[in-house]
Amino acid sequence: MTGVTDPSASVAGTSSGEGPAGLSIRGVTSSYGRGDRVLHGLDLTVGAGELAAVLGPSGCGKTTLLRIIAGFIAPDAGEVALGDRVISGPGIQIAPERRGVGIVAQEGALFPHLSVARNVAFGLTGTGRAERRARTAEMLGLVGLAEYGDRMPHELSGGQQQRVALARALAPRPALVLLDEPFNALDSALRAGLRSDIRAALRAAGATAVLVTHDQEEALSCADRVAVIRDGRVAQCGRPDELYTAPADPWVASFVGEAVVLPAQATGGRAETALGPVSVAADAKGPGTVVLRPEQLGLAPVTADSGVRGRVTEVRYHGHDALILLDIPETGRIMVRAPGAPEFRPGDEAAVTASGTATFHPA
Ligand SMILES: Nc1ncnc2c1ncn2[C@@H]1O[C@H](COP(=O)(O)OP(=O)(O)OP(=O)(O)O)[C@@H](O)[C@H]1O
């Protein structure tokens, strides 16, 4: 992602912010003035106080959408509104600093010559000194850095800098906070902790927020709602569990987790697959594909009665579980998630069974 790195661009709120508002994006199209479109009539709604993740592969248009919401570029068509206030639309393009949108950039983008406290206070114009100090202290407390106001940004860790960036974005009580891949520069151990702290701070502030990420685990674990973007359109928007258990199509299924996608023939709540019959929705009918998650597949030692069998090609042990890859003549390579320590090794033969309900996608 190209990102937003100019610190002053990251403090787009105003001190007279009116608090969180819902975000409504309708039919937004963007082509950067060239022939081929980057966003194709994109629709997205985020409720007031909700944390939404915009998730998609590289080049799908996430940064472009973020720039449009922030006001750095104007859409070719469509409308962006915060609450009942249109901020981009036909004949309307409110300047970034007047939108009441705070931004947390990929790498904090703090002002290097200002102390932590002065960074946080930067957007609090038009308020008295005492109020500014109180709000700054409140925001530093919110992100767990109450004692760090006098430090300079270079005296902080990457994770602490991101917390300061969030405190700075929240200080003016923006209508909306945009988080632009804010955990990108951090190692994975730090990411998980910071993720939940930032989520808690956003909740405590009651902020409406949009988190842009290409990391599906980050989106599913952090957000109230996830919009999966594919080629400039919302492929599916829903709660994390909806996306995982009821993906709109096999592409979404594979993007938001490991998926086993099999050709199938459905009727009467059952679909016949190369792994045997699986349950599907009662109205599923005819040819199509089913999507199963690797934890819906089980492995057992081969016996004379075993049905479908495969040869283990790889075992990826993750501590709490293991992903086991198998080559099955009828299906090709599939993935099975087994709890605990794996009982199978590469080269072993195993019997495979499917259980639970699969999603069915008609041909
Ligand atoms: N300033 C620009 N002018 C012209 N085209 C651009 C510009 N910025 C981005 N694009 C194009 O728009 C498309 C979407 O880019 P965008 O940066 O929005 O994707 P992204 O989903 O954020 O990707 P990534 O995760 O890799 O950053 C790409 O094809 C890109 O080449």
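The values are calculated or read from the model by the stated rules, or taken from the named source; none is laboratory data. The model shown is predicted, which means the values in this text are computed figures rather than measured ones. Ideal geometry is used to build each Cβ from the backbone, glycine not excepted, and the neighbour counts take in all protein chains shown. Just the protein is used for accessible areas: all its heavy atoms, side chains included, with ligands, DNA and RNA removed. Shrake-Rupley method; radii C 1.70, N 1.55, O 1.52, S 1.80 Å.
Things worth noting here:
- Candidates 344, 360 - the one that is open to solvent by 30 Å² or more (accessible area, probe 1.4 Å) and among the aromatic types (Phe, Trp, Tyr): 360
- Pick from the range 204-225, criterion of a type in the set (A, V, I, L, M) and within 19 Å of residue 70 (Cα to Cα), ranking: nearest to the ligand (Cβ to nearest atom): 212
- One residue from 107, 79 being in the same structural domain as residue 194 (by TED's automatic domain parsing), touching a Ser or Thr at 6+ places or on another chain (Cβ under 9 Å), open to solvent by 60 Å² or more (accessible area, probe 1.4 Å) and within 16 Å of the ligand (Cβ to nearest atom): 107
- Members of the range 208-227 found to be open to solvent by less than 10 Å² (accessible area, probe 1.4 Å) and over 8 Å from the mean Cα position of the chain (by Cα), listed by number: 208, 209, 210
- Inside the range 43-57, residues that are farther than 17 Å from residue 200 by Cα, more than 16 Å from the ligand (Cβ to nearest atom) and part of a strand (DSSP E or B) make up a count of 3.
- Filter result (under 16 Å from residue 213 (Cα atoms) and small (Gly, Ala, Ser)) within the range 144-197: 185, 188, 192, 196
- Condition check for residue 186: more than 16 Å from the ligand (Cβ to nearest atom), at pLDDT below 90, assigned to a loop (DSSP other than H, G, I, E, B) and assigned by TED's automatic domain parsing to the domain that holds residue 69: yes
- Annotation note: of 268, 288, the sole residue that is outside the structural domain of residue 60 (by TED's automatic domain parsing) and either open to solvent by 60 Å² or more (accessible area, probe 1.4 Å) or farther than 30 Å from residue 57 by Cβ (or both) is 268.
- Looking only at the range 289-321, residues that are touching a Lys or Arg at 6+ places or on another chain (Cβ under 6 Å) and assigned to a strand (DSSP E or B) come to 1 in all.
- Enumeration of residues in the range 160-197 that are acidic (Asp, Glu) and free of Cβ contacts under 8 Å to residues at least 12 places away in the same chain: 187
- Each residue in the range 14-42 was checked for being within 14 Å of the ligand (Cβ to nearest atom) and either among the β-branched types (Val, Ile, Thr) or at pLDDT below 90 (or both), and 9 pass.
- Residue in the range 345-363 that is over 25 Å from residue 264 (Cβ atoms) and under 30 Å from the mean Cα position of the chain (by Cα) present: no
- Only listed residue being open to solvent by 10 Å² or more (accessible area, probe 1.4 Å) and in contact with a Lys or Arg (Cβ under 7 Å, 6 or more places away or on another chain), chosen from 92, 73: 73
- Enumeration of residues in the range 126-139 that are under 32 Å from the mean Cα position of the chain (by Cα) and surrounded by fewer than 22 Cβ atoms within 10 Å (Cβ to Cβ): 135, 137, 138
- Selected residue (only one of 308, 312 is among the β-branched types (Val, Ile, Thr) and open to solvent by less than 20 Å² (accessible area, probe 1.4 Å)): 312
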